Each structure stands twice: as structure tokens, then as C-alpha cells.
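In what follows, a single structure is set out as C-alpha cells and then discussed.
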Amino acid sequence: MRAIVAVAMKDLLLLTRDRANFFFTFIFPVLFAIFFGLIFGGGGGTNALDIALVDEDGGPAAVAFAGDLSADAGLTVHEAPTRAEGEALVRRGEVVAAVVVPDGFEEGAGAIFSGGSIALEAVMDPTRKAEAGLLEGKLNELGFRQMTRTFGDSAKMNATLEKARGQIAGADDLPAAQRLLFTALFNSLEGLNRTGALGGPTAAALPAPDGPAPAAGTPAAGLGAWRPVMVTVRELRIDRKGPSNSFEISFPQGVAWGLLGCVGAFGASLAAERQRGTLIRLRSAPIPRGYILVGKALGCFIACVFVQGLLLAVATVGFGVIVRQPGTMAAAVLLSSFGFTGVMMAIAAISRTEAGASGMGRAIVLVLAMIGGGTVPLFMLPPFMETVSNASPFKWAILAVEGALWRTSTPREMLTPALALIAFGVAGFLVGVVWMRRSEA
Amino acid sequence: MLRLTHLRKSFGGVVAVDDLSLEVGRGEVFGLLGPNGAGKSTSIAMAVGLLDPDSGTVELDGVGRPTNAAVRRHLGVAPQSLALYDDLTGEENLRFFGRLHGLRGTALRERVGKTLEMVGLSPRRAHRVKEYSGGMKRRLNLAVAMIHDPPMLLLDEPTAGVDPQSRNNILDLVRTLAAEGRTILYTTHYMEEASRLCTRVGIIDRGRLLALGTVAELVARHGGLSVVTIDRDAPDGRAEERIQTAEPVREIARVMGQGNVHAVRIDRPDLESVFLQLTGRSLRD
């Protein structure tokens, strides 16, 4: 038994010193998973839009608006000192759009009832139409919030109404009926602003122009509590049947590549021992001959478990992957390791040379990885390929791992992948043992 | 200690070992001498239990057949190919093989240290084997064979491809091991090594044992006559005369009496002449 462990530890030590095999067994699968996870959707939620902000006004309203932009989770704001620099960022593709708060924004925000408006300008790449729609909606939202801010400040509201009255009074060409309507509107707004009739629990009366001052500590009234549109957000727990993000697809694929790396590294090791001559020493040692193969199998098994653990650790810690069924995941890791150890033993026993083992790895194992979901995700395979993929141990390993992630497979659903992996493991072991005995004879 | 009886082994249509029988006595250094492809390595492989003979037996006195794992504990083998892990250090190689032979803890540590000391590799113990010279690798190869302190060693061309200094070092080491009472089966195609080291020599060719005995016995039996070469004056200058004789000294005395002798040389039969006599002078592919 100790001899088996000694062989396994020796092989694992050699693997850590073989840079190429170490990279393809432990590093490449992680990089593969991250790369393809990012390619197919990154974090799974909405990616924030990168925008440049050019503030040509600098007034309090502009500053408040810039603050709203920066605080919005859907936007990443990059400050640009000038319009030209903002446009340059758009041209270089570093931002989706340059949002310009023009000079006069403050005045416009204060004259919304007298011809002014909360004016903004967005300079965009014309090819990015989807983002354009998103940004326009976002700017309208934030613009409306700016308007609400004006409404909520009674002093400001008074000033706005006063200004508006003055402009109406001075508009000689304004038809009388419209003048009457505007005056009535302003009177109503003034009344609402003074009394806070539509206000919330903190509303208190503002004094009439020649009335007494409100009591000390009385919070300002006005339209700040008026909410013509109210949206309540409630989060709903969803029992997903699909992956919640692209990494829940790419990391199981990374597992396939990690297992492939282990098979390649350990499958060639027996051929290397044969070529190097160390197999003579191993076979002349006072241990049963089978211990050599079992020792290599143990080393491969440990490496398979480790690479899967590494991928899962990176996935859960760094990329929001959730292991919904830890017990199932543990079983999936062990079964996958067992199955692929069997595959390795078959290749190791059959290959006479390192080159042969590498060739067999490319010819057989790589193809099995590709048809088994290692490159194209299983759920994207066409129906006829789904049937073909049943012959690949990679399919069953990926299904087992996905079963513990987003498929949330029941024990019954896990049975087929489990049995398939066990079958591959046992068959590979038997092939390996029989072939080695024949070659020794 | 080791008895090979009527061993036969074929690979396809090629007979590698043909009815080989020999015994290696306890404490003896037995040389198995033969050209390339004579069957030396195949014989060693069967002696260690790596190959099953087609017929015949291999027996280790008082212990059993080397196909039994427990019997192999009494054997140490240094294969012709350098059976070492290049990416492990010298020490790591010894520790690994020592573990396979059942050594643990302090005992393993001590054996590793002692073995490295014996082969002169202690200063390089922490270096990876791929950084070793050819001679150093050969010495480590021998060290691995000795790690578990076996009573019998099978050394298959242990000095192949090394420089003269390393070869001397290895030969001295083999002598030391023999002096400690170990039994050694030593294969080589270098006559000088066999002459210097071996108690007895067996000459093997095309799988068959052609001759067996001490070096002196082999020379007496198969070496042929001595050759006396005389360089003397002749009517048209100098001439060289070669005379085969069983009594070279007497022949020289006779020739000296004739005068006009400038130089005399005696070539006595040696292991090389025995070897060439028995295996022929043609090149082997």
C-alpha cells in the first residue's frame, strides 16, 4: 500500500516539475473557463454602460445630475473635461457615449414652466444602437429625477413659478385663453407648494406671502412628497432551471479540459517510464506488478480531484458560481476522477512510447472532449450529436458537475452520469491491467 | 547463490538466450562477457524476474524464484539504460526507490546518505539528475541498485558510455562491494573490466554460453599460443617475423642467438584473444 502511495506521490512531484503538462493540466482549464465565460456573457447581469460626462455648466443642478449619473449602477462614468475629449473617448471605443450637460442647464432646470427644459446632449457611436436606447431611457429617468428635485424644493419651486409668471406677464403675443390657463396652473402649483396638500407625513403649511413664519423645526413642505408615479421593487426568488451566468457553463467545460490534461500527463508517464528504463526498476522492486499501475492511477485520481477543486474554487470565489448541491458536487468530482483515471490507465497501458501516448491523446481523447461538451456546451449540441456524445466520458463528467450547479439534478437524474463514469473507470482499469500483463508476457 | 538452469528465451523468430546454464557462487564476482546482442541483458532480465523464460528456471538459493516479489528484495539491479528520473534530484531518486524496497524514516535517511557517500555524489544530492554528467548518472544508477543493501547485485554494463575516471571510480566501487561479501553478476563487453574484476567469466554469444571459468583457465583453454614478434635485419632492410609458440621465452633465446635482432615483443594470449577466438572477428550489427 505504501508503495502505491510512493508511486503516486512521485508522479505528482514529476508533474509539478513538468512545466508544459502542469500548465495544460492546471492553468489552461482555468483560463479556458474564464475566457469563454467572459465571451458568452460575463457576469450574467446587465453590464454597466461606460459613458463620458462633460459638465459645461457646473451649477448646482448640473452637479446634482452628475451625482445621479455616477450613483447609477447601470452606468460607469468617466469624467471628460471638454466636449472634444468626450467625443475622442467615443471614437476610441472606450465609452459608449459622451453625455454633455450644456451651459445653461441650471437655468433651464429652473424655467421648466416658462419655456425652459432640462436639456442634455448624448454623443454616441451610431453602430451601438442597443446601448443608445438604454442610455436614452436612463437619461430620461435621471432627467425626471432632476425635475422632481426641483419640485421638491419649495423655495426653488416658488422662484420657478415666479419666473414663469413674469414671462407669461411679459408675453404680449400669448392668447388670452392660454394666459388664463397658465395663470390657473401656476396658482394651483403655488397652492400645492404652499399647503403641501399632496404631501406626505412631514408636510406642513408654508406661510402665505404676508402670513406668519412656520414654527421652528417644521420641515419644508412643497411638492417634494408628491409622487405621481410610484414604482415599488420587490425581489422574487426564482428557481432557475438554467445557468444563472455564463460561468456556470464555462467552468464545467474547464473541468473537462482539466480532466483531459490529467489523462494526457499521466497517460504518457507509463510510456515514459518504459522508454526511460525506470519501468525496469519499478518492476524489479519487491512489490506486486499491479501496484505500479495502481500507483499511477492514484496519482491521476488525486490530480483530477485537485484540478476540479481548483476550478470550483475559482468559479465560486471569483465568478459568482453557486454550488447549489454540495453533496452532489462532491460525488460528481469523485466519480469524474474515477472515470477519467480509468481512461488514463487504458491509454497508459496501450501506449508503447511517449509520442504514441500523445498521439492517442490527440486522436481519441481530444475528439471525445470536443463531442462531449468540452468546446460547444452540451445544451447547444444538435440532437444527433447528443446521441454521439453519450460515448464520451466528458459528457457524463460535465453533466455530473452541472447537476450540482444549475441543473440541480435529483439523485435519480445523477444516476446515469454516475453509472457511466463508473463504467468508464472500471473498463479502463481492466483494459490497462490485461494489456500490461500481455505486454509483460 | 544464483542459479540459471537451461534458460531459453525467444522474441518472435529470434532466439535471444539458448539453453543457458550457470551458477554464481556466494561472494563471487561473475562476469558475463559477450558482444552486442549476445543475450546478456536478456539473461539479466530473466535473472531479476522481469522476463519469464520460455523454458528453464532461475533460482536464488534459499529464497526462491525472482518472479516472486519478496525474492526481489534480495536483488539489486543497475540496468544498462540509466533508469533514473531526470526531474528528480539524486536524493529524491534514492528516496523513492528506497521506499519501494520497504525503507522508511531514519533507516531510509541513513541508507540514502551512506549510498550517496559511497558513489561520491553527496555534494550533488540536491541537484536534479538532468544536471549530472554521464559518469555521475552511472554512479547514481549503481547507488539506486544498492539503496536497500541487497546481498546480490546484477550490474548490466555499468560503465557504458563513461569517461575513464568515472569508469575507474565505478570499478573501484564494485571491488569494494565485492570485498564486503556481496555477490555480483556483472555483464560487459570490455575485456579489461572482466579481467580486473571477475572471479569467473562466462563468454556468451548468440544466446549460448561458449566458455566458462577463471580468466587464467579460459586463456589456457582457448587463448591459443603466444606470438613472438622479432624485428631483425634482412638483405633488403628490416624484416618482422612472427612466431607462434607455447614457450615464448625459449623462442626468444633461440632467436637472440642468431643475431641481427633489433627488437622482440611477446603477445601472450589474454581474454580478448579468447573472446575473439570464440566469437569471431567479424563486425556485429
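The values are calculated or read from the model by the stated rules, or taken from the named source; none is laboratory data. From a predicted model like this one, the values you see are computed outputs, not experimental measurements. All Cβ positions, glycine included, derive from the backbone under ideal geometry; neighbour counts span all protein chains shown.
Of these, A:321, A:305, which one is aliphatic (A, V, I, L, M), more than 14 Å from chain B (Cβ to nearest Cβ) and surrounded by fewer than 19 Cβ atoms within 10 Å (Cβ to Cβ)? Can you show your working first?
Values: A:321 fails: surrounded by fewer than 19 Cβ atoms within 10 Å (Cβ to Cβ).
It is A:305.
State all residues of segment B:140-173 that are among the β-branched types (Val, Ile, Thr) and touching an Asp or Glu at 6+ places or on another chain (Cβ under 8 Å); if no residue qualifies, say none.
Scanning segment B:140-173 gives a single hit, B:159.
Give the number of residues within segment A:1-44 that are over 21 Å from the mean Cα position of the chain (by Cα) and in a helix (DSSP H, G or I). Steps first, please.
Within segment A:1-44, the first condition is being over 21 Å from the mean Cα position of the chain (by Cα), and the residues that meet it are A:1-26.
Those left that are additionally in a helix (DSSP H, G or I): A:2-17, A:19-26.
Here the count works out to 24.
Using the structure shown, decide if residue A:242 is more than 14 Å from chain B (Cβ to nearest Cβ), at positive phi, not in a helix (DSSP H, G or I) and not basic (Lys, Arg).
Working: more than 14 Å from chain B (Cβ to nearest Cβ): yes; at positive phi: no; not in a helix (DSSP H, G or I): yes; not basic (Lys, Arg): yes.
Criteria not met by residue A:242.
Residues to consider are A:389, A:409; find the one that is assigned to a helix (DSSP H, G or I) and of a type in the set (S, T, N, Q).
Answer to the selection: A:389.
Here are A:408, A:416: which of them is modelled with pLDDT under 95 and closer than 23 Å to residue A:245 by Cβ?
Working: A:416 fails: closer than 23 Å to residue A:245 by Cβ.
Unique residue meeting the criteria: A:408.
Tell me the residue from A:269, A:337, A:358 that is polar (S, T, N, Q) and within 14 Å of another protein chain (Cβ to nearest Cβ), please. Give the derivation first.
Values: A:337 fails: within 14 Å of another protein chain (Cβ to nearest Cβ); A:358 fails: within 14 Å of another protein chain (Cβ to nearest Cβ).
On inspection, the qualifying residue turns out to be A:269.
With the condition kept exactly as written, say whether any residue in segment B:30-52 is in contact with a His (Cβ under 8 Å, 6 or more places away or on another chain), assigned to a loop (DSSP other than H, G, I, E, B) and within 13 Å of chain A (Cβ to nearest Cβ).
no
Name the residue that is farthest from residue B:197 (Cα to Cα), counting only residues in segment B:1-29 that are in contact (Cβ under 8 Å) with a residue 60 or more places away in the chain and not in a strand (DSSP E or B).
B:1
Hey, can you tell me all the residues within segment B:203-239 that are at pLDDT below 85 and assigned to a strand (DSSP E or B)?
Within segment B:203-239, B:226, B:232, B:233, B:234, B:237, B:238, B:239 meet the criteria.
Looking at residue A:287, is it within 30 Å of residue B:66 (Cβ to Cβ), among the aliphatic types (A, V, I, L, M), assigned to a loop (DSSP other than H, G, I, E, B) and within 14 Å of chain B (Cβ to nearest Cβ)?
yes
I'm trying to understand the selection: among the residues of segment B:3-29, which are in contact with a Pro (Cβ under 6 Å, 6 or more places away or on another chain) and within 14 Å of chain A (Cβ to nearest Cβ)?
B:9
Name the pairs whose Cβ atoms lie under 6 Å apart, with the first residue in segment A:304-325 and within 16 Å of residue A:246 (Cα to Cα), the second of a type in the set (D, E, K, R) and crowded, with 20+ Cβ neighbours inside 10 Å, and 6 or more positions between them or separate chains?
Sorted first by the residue in segment A:304-325, then by its partner, the pairs are A:321/A:248.
Conditions: (1) more than 14 Å from chain B (Cβ to nearest Cβ); (2) without any contact (Cβ under 8 Å) to a residue 12 or more places away in the chain; (3) out of contact with any strand residue (DSSP E or B) (no Cβ under 8 Å at 6 or more places or on another chain). Residue A:63 meets all but one. Number of the miss?
(3)
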